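Shown next, in structure tokens, is the structure this report addresses.
The values are calculated or read from the model by the stated rules, or taken from the named source; none is laboratory data. Keep in mind that this is a model prediction, so the values were computed, not measured. Every residue, glycine among them, receives a Cβ derived from its backbone with ideal geometry; neighbour counts consider all protein chains shown. Remember, those area values only see protein heavy atoms, side chains included, never the ligands or the DNA or RNA. Shrake-Rupley method; radii C 1.70, N 1.55, O 1.52, S 1.80 Å.
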Amino acid sequence: MTKTEDKKSPPSRRKFIMSSIAAVGGVALGGLLFLRDSLLFLIPGGKQQEFTKYLVAKVDEIPIGKAKEITIANKPVFIIRLPEGYKVYSGICTHLGCIVKWKEKEKKFYCPCHKGYFGQDGKVLAGPPPRPLDEFKVEVENSLVFIWIKKRRGGQLS
Ligand code: FES
């Protein structure tokens, strides 16, 4: 019987140096990204740049008590006109992310996935959703209704 030899050679000095440089570079890059995000969070002006203003309706376009559904960045958004003004909510259910529907007669949002209900104030009325619908800041200017949406990485809405 012959003895087999392990043909693997020990890692070369060059490989060791290159992997060390890659590891140190990764840690340094992580530190720089953390520092950048920390500064953006701490500097007041930096936070405002994360929001985008969207025109969502004309002031008289939606009668009081009615809602309008639009799509922004492929996400449903509901604009509701109440006697006290406009409210704008994300149409994404806060339970597992299904798309809610506005029930005109009941003045409620309904999520068909697990029978979740939200009021016209966005608060949970029934079902499993753990929190209200996400609400956007509304601004009325020159007879137009705008909302402010926080941008997330990858262009998603918040
Ligand atoms: S996803 Fe809406 S109730 Fe479950």
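Would you mind stating whether GLU139 is in a strand (DSSP E or B) and of a type in the set (D, E, K, R)? Spelling it out, GLU139 is indeed in a strand (DSSP E or B) and of a type in the set (D, E, K, R).
Checking each residue in region 89-137 for being within 12 Å of the ligand (Cβ to nearest atom) and among the charged types (D, E, K, R) picks out LYS101, LYS115, ARG131. Pairing each residue of region 92-112 that is farther than 12 Å from GLY122 by Cβ with any residue that is within 7 Å of the ligand (Cβ to nearest atom) and open to solvent by 70 Å² or more (accessible area, probe 1.4 Å), provided the two are 6+ apart or on different chains, yields C-beta distances under 7 Å for HIS95/HIS114.
Checked against (1) part of a loop (DSSP other than H, G, I, E, B); (2) under 20 Å from GLU61 (Cβ atoms); (3) not polar (S, T, N, Q), ARG131 passes all but condition (2). Against the conditions (1) under 15 Å from the mean Cα position of the chain (by Cα); (2) open to solvent by less than 60 Å² (accessible area, probe 1.4 Å); (3) modelled with pLDDT of 95 or more, ILE80 satisfies every one except (1). Of all positions in region 53-69, at least one carries a residue that is under 30 Å from LEU35 (Cβ atoms) and away from the ligand (no atom under 16 Å from the Cβ).
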